[in-house]
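The values are calculated or read from the model by the stated rules, or taken from the named source; none is laboratory data. What you see is a predicted model, and the numbers here were worked out from it, not measured in a lab. Note: ideal-geometry Cβ built from the backbone for every residue, glycine included; neighbour counts use all protein chains shown. Quick note on the areas: whole protein, heavy atoms, side chains included, nothing else; ligands and nucleic acids left out. Shrake-Rupley method; radii C 1.70, N 1.55, O 1.52, S 1.80 Å.
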Amino acid sequence: MTATQSVAAIGRRVLPGGNTLTVGIVILAAWVLVALLCPWIAPFDPISQDADATLLPPNPAHPFGTDNFGRDILSRVMWGTRIDLQICFIGVAFPFVLGTIVGAVSGYVGGALDTLLMRLIDIVLAFPFLVLMLAIIAILGPGISSFYIAMAMVGWVSYARLVRSQVLSLKHRDFILAARSLGYSHGRILFFHLLPNALASSIVFAMSDCVLVLLSGASVSYLGLGVQPPVAEWGVMVAEGQGFITTAWWITTFPGLAIVALAMGFSFLADGLGDKLGARP
Amino acid sequence: MTLLRVSDLTIQDRLGTALVDGVSLSVDRGEILGLVGESGSGKTLACRAMMRLLPGEGLTIRGGEIRLNGADVLTYGEKQMMAVRGREIGMIFQNPASHLNPVMTIGRQIAEGRRRHFGASRREARQHAIELLRQVGIPDPASRVDNYPHEFSGGMRQRAMIAVALACEPKLLIADEPTTALDVTVQMQVLHLLRDLRDRLGLAVILITHDLGVVAQTCDRIAVMYAGRLCETGGKREVLGAPLHPYTRGLIECQPSSDGGAGRMITIQGQPPLAQRFPAGCRFHPRCGSATAECASVQPEMRVEPGADSHAAACHHAASVVNRGMVHGH
């Protein structure tokens, strides 16, 4: 996650106190607030068109300007928060759960199963991330649910590797033996005793993975394979505005800035959490 | 009444070396058995075999019986063993800091066994955990029950670990060097707690240790192991007062005395043998002062001392050792 690390490095320089966790939480909380309140705080309907107000530059009535259909960019950015936060959450949750279970079982059981699963991971990793994802979406057909499925099928490998390495180092620890000596089953020991100790670094990784998922979601939508117009989504908005970039810069710039701001929130959160939990992905 | 009887237990590694060789032990209800020996003498391994939790791969139990209440646990399947572990035989360890789960509260770790083995409700198990913490001597248990292990001191962690084991109400507690990591005053408290539990609950305890001082204070009977074999068993008074085996004698002489002993500390010459190079015959003979040609070739059997009903030693010269000891005024 070079993007995350460089943002975090800038953050450390800007914030000498190193209080990145608080900054990340504040940024994210602000976005969540926007997503929750957008029906009340957005000045216009995000999809209603106004033929009299097309391609207006930023002005008091439309602080972020309007697009070629006369839709208010500010309102569309606000409503887009709902979709993009959802993309981050679901796009991370599925790979996280799947990868954690596979990695934990693989590391704990070991032997032939472990070898098999690790080779499977090698195969997935052999493909470039975006290419494999686009191929899966192309097979499933465009749409946001295809994006989630593709994300889960491609993204789980990172979590599986991370959790497996943690489980490998934890499974010979003394407290696991102690749990065995109390007569607990392997499943209980793995999921209730071992996994809580192994999750810190993958939670930190999940936060920085949110950035990647957000960018992939926006990219996939930009390519017309994810969220479909006219729904307000930042990647779609960037795509729609690209024809006007020389004459109406505001159509692409503001959703682009929103992507950057949300990604920074996650980056700061990941970095701060990493410091706090003593875990670095 | 005999709770656990181990007979002729043999544990081999991948190469076929017997790391534990023909060990026989028994523990009665309400009895504390001290299992004494140097590091690597197989005492921990023998006890792990009783739980069927041998460390590492390639170690197998070859022969022997481990009878718990008359039933041989070596014939049990994994499901049956899960009911034995914790519920019948509990285990506490040398280093409580690493044997407690760092991300679970003490209370939950104590309550979990209760919930698994007795089907107790969350509330009942928590009340029971508080009661157990009180019993093992944790002050203010109602507020301490929600602490994490790192919030406890070393001695309190050892008490907490004992409480975790006691939650399942085992009949036998295997205590693997429970006081080694503690300072002397806390050691005393923990040993006192073990004796107290024995008296109140009729708990049988196998206390693994290399510290004869601990044995002398705590145990009823002693079994001494050397290089995977049993050297000597018997009541505490007989074994410590009139040791039959030269190794036991050596161990006792190695104890620093408190009444102003003069000169160098006495030690046993040489090192215990590595598992791959166990000598033929008596495994102690290369380090033994009274070894003869017989000792180097014939493995001595455990022989009960004439006149003593349970004091036995595996030495060809058991009787002469006693005589020699008397001549030298020990």
Just give the residues from segment A:164-200 buried by at least 40 square angstrom of accessible area in the all-chains context relative to the isolated chain, probe 1.4 Å, and say none if nothing qualifies.
A:ASP174, A:PHE175, A:LEU177, A:ARG180, A:SER181, A:LEU182, A:GLY183, A:TYR184, A:ARG188, A:HIS193, A:ASN197
Taking a crude spin-label model, label points 7 Å out from Cα along the C-beta direction, the B:CYS254 to A:LEU215 distance in nm is 6.2 nm
Pairs of Cα atoms under 8 Å, at least six residues apart: use those to get the relative contact order of chain A, whole percent.
28 percent
Relative to the present Cα-Cα distance, how much length would full extension add between A:ILE245 and A:VAL124 at 0.36 nm per residue of separation?
39.9 nm
Quick one: in segment B:160-292, what % of C-alpha pairs are over 23 Å apart?
45 percent
Can you check how the C-alpha radius of gyration of chain A compares to 2.2 N^0.38 Å, as a plain ratio?
1.15
Tell me, what % of the accessible area of segment B:2-225 is carbon and sulfur with a 1.4 angstrom probe?
47 percent
So the angle from the long Cα axis of helix A:250-277 to the longest Cα principal axis of chain A, reported in degrees to the nearest 10, equals 20 degrees
How big is segment A:194-281 by the Kirkwood estimate over distinct Cα pairs, in Å?
14.4 Å
Would you look at the GNM of chain B, springs on alpha carbons closer than 10 Å, and say which of B:ASP183, B:ASP21, B:ASP211 moves the most?
B:ASP183
Relative contact order computed over segment B:2-225 (Cα-Cα under 8 Å; 6+ residues apart), in percent:
30 percent
Report, in degrees rounded to the nearest 10, the 0 to 90 angle that the Cα long axis of helix A:111-126 makes with the longest principal axis of chain A.
20 degrees
List for segment B:87-122: residues with 30 Å² or greater reduction in accessible area, all protein chains versus chain alone, probe 1.4 Å?
B:PHE93, B:SER98, B:HIS99, B:ASN101, B:PRO102, B:VAL103, B:GLU112, B:ARG116
Can you give the accessible area per residue of the protein assembly as shown, in Å², using a 1.4 Å probe?
45 Å²
Globularity index of the protein assembly as shown, i.e. its alpha-carbon radius of gyration over 2.2 N^0.38 Å:
1.35
Of B:VAL23, B:GLY90, B:ILE130, which is farthest towards the positive pole of segment B:2-225's charge dipole, taken about the Cα centre with +1 and -1 on the beta-carbons of Lys, Arg and Asp, Glu respectively?
B:ILE130
Rounded to two decimals, what is Rg over Rh for segment B:2-225 when you use alpha-carbon atoms and the Kirkwood radius?
0.96
Just to confirm a number: summing +1 for Lys and Arg and -1 for Asp and Glu over residues other than A:SER165 whose beta-carbon lies under 12 angstrom from that of A:SER165, what do you get?
+2
Highest-MSF residue in chain B out of B:ILE266, B:ILE162, B:ILE222 [GNM, Cα springs under 10 Å]
B:ILE266
Buried accessible area, chains A and B (both chains, 1.4 Å probe, Å² to nearest 100):
1700 Å²
For segment A:47-96 versus segment A:177-211, the gap between their alpha-carbon centres in whole angstrom
40 Å
So if I take the centroid of the Cα atoms in segment B:128-165 and the same for segment B:59-80, what is the distance between those two points in Å?
33 Å
What are the semi-axes of the equivalent ellipsoid of segment B:56-142, taken as the square roots of 5 times the eigenvalues of the Cα gyration tensor, listed largest first and rounded to whole Å?
30, 17, 12
